[in-house]
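Here's the structure we're looking at; comments come further down.
The values are calculated or read from the model by the stated rules, or taken from the named source; none is laboratory data. Remember, predicted model here, so these are calculated numbers, not experimental data. All Cβ positions, glycine included, derive from the backbone under ideal geometry; neighbour counts span all protein chains shown. The area values use the complete protein model at the heavy-atom level, side chains included, leaving out ligands, DNA and RNA. Shrake-Rupley method; radii C 1.70, N 1.55, O 1.52, S 1.80 Å.
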Amino acid sequence: MPTSERFDCHYCKDSLLGKKYIMKEDTQYCTKCYENLFANSCEACSLPIGCNCKDLSYKDRHWHEQCFKCANCSRSLAEKAFAAKDNLLLCTECHAHDYSSKCTTCKKTIMPGSRKMEYKGNSWHETCFLCHRCQQPIGTKSFIPKDTSYFCVPCFEKQFAYQCCACKKVGKGKKQEWHCCFLCIGCRKQLSGQRFTSRENYPYCLECFSNLYAKKCVGCTKPITSLAGDKYISFEERQWHSECFTCMQCSVSLVGRGFLTQRDNILCTDCGREK
């Protein structure tokens, strides 16, 4: 560049020759003017985020990298998954501890993204939801509640199925059995030999139970029929089929991965930081 040609800051008109400057919309500024005119203020410390600092943003809010911390435990959230609650940013551990369900059996937090079982307002880790008789995980199999306990169907039949749930008559023969009046309360389909579940001591086929009571997937809006074997993800009282729990923007699966929230959307960490 010829020495006779000037190269000045667009705002203060100081010469930029031999100095650091910043281009914005094809216009050059000295670093001081650029920071005064365009630098974002940090949400945490309220100071400008200068040219030499990394500007981390989320939902039109900005932080210095060193100020981007969990509101609860103060651990850095830079390059880590986090969640937003009431305008506060929380690491996944703190968010889970404060807002996620607690397992009825072991009393520990059910971490977001992990599978859980739910029944009558109670939640369990999948491995903690056990048959009271055989102590094996019930998982996605049918179960029958009795008093405050839960039984897999084979154990319930062995221990309690001495009379018909519908007509109360005792089964004939030496072997305990269900009568032919064991019907779905919804569609009246015969349930003998079929998979079923119950609610308030009424038996339902899986289709009727799903249509009436199953949670709906946020992704596809179809029922999540966990009793029929559907795997699902639960987060902030919303549920997804495992195959529907994907980034809203790039559709990559988020099962077992960190993710970010943007309003009601779930994003992978890469797409979330581009916002």
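A few notes on this one:
- Checking Cys94 against (1) farther than 30 Å from Ser210 by Cβ; (2) over 18 Å from the mean Cα position of the chain (by Cα), the condition it does not meet: (2)
- Within the stretch 58-107, the set of residues being assigned to a loop (DSSP other than H, G, I, E, B), within 28 Å of Glu126 (Cβ to Cβ) and at pLDDT below 85 comprises Lys80, Ala81, Ser100, Ser101.
- Set side by side, the residues Lys59, Lys32, Lys80 differ, and just one is touching a residue at least 24 places away in the same chain (Cβ under 8 Å), more than 30 Å from Cys128 (Cβ to Cβ) and open to solvent by 50 Å² or more (accessible area, probe 1.4 Å), which is Lys59.
- Residue satisfying all of: in the stretch 1-29; in contact with a Ser or Thr (Cβ under 9 Å, 6 or more places away or on another chain) and among the hydrophobic types (A, V, I, L, M, F, W, C); nearest to Gln66 (Cα to Cα) among these: Ile22
- Meets criteria (hydrophobic (A, V, I, L, M, F, W, C), open to solvent by 60 Å² or more (accessible area, probe 1.4 Å), modelled with pLDDT of 80 or more and touching a strand residue (DSSP E or B) at 6+ places or on another chain (Cβ under 7 Å)) for Ala39: no
- Residue match in the stretch 15-29 (condition: at pLDDT below 85, within 39 Å of the chain's Cα centre (by Cα) and assigned to a loop (DSSP other than H, G, I, E, B)): no
- All of (1) open to solvent by less than 10 Å² (accessible area, probe 1.4 Å); (2) out of contact with any Leu (no Cβ under 9 Å at 6 or more places or on another chain) hold for Glu236 with one exception: (1).
- Positions within the stretch 186-222 being assigned to a loop (DSSP other than H, G, I, E, B) and either within 15 Å of Lys141 (Cβ to Cβ) or open to solvent by 70 Å² or more (accessible area, probe 1.4 Å) (or both), in sequence order: Arg188, Lys189, Leu191, Gly193, Gln194, Arg195, Glu200, Asn201, Lys215, Thr221, Lys222
- Among the candidates Cys155, Cys134, residue that is in a helix (DSSP H, G or I), at pLDDT 85 or above and more than 21 Å from Val255 (Cα to Cα): Cys155
- Filtered residue count, the stretch 242-275, keeping only those that are among the small types (Gly, Ala, Ser) and open to solvent by 30 Å² or more (accessible area, probe 1.4 Å): 4
- Checking each residue of the stretch 109-127 against the condition of being in a helix (DSSP H, G or I) and surrounded by fewer than 16 Cβ atoms within 10 Å (Cβ to Cβ) gives at least one match.
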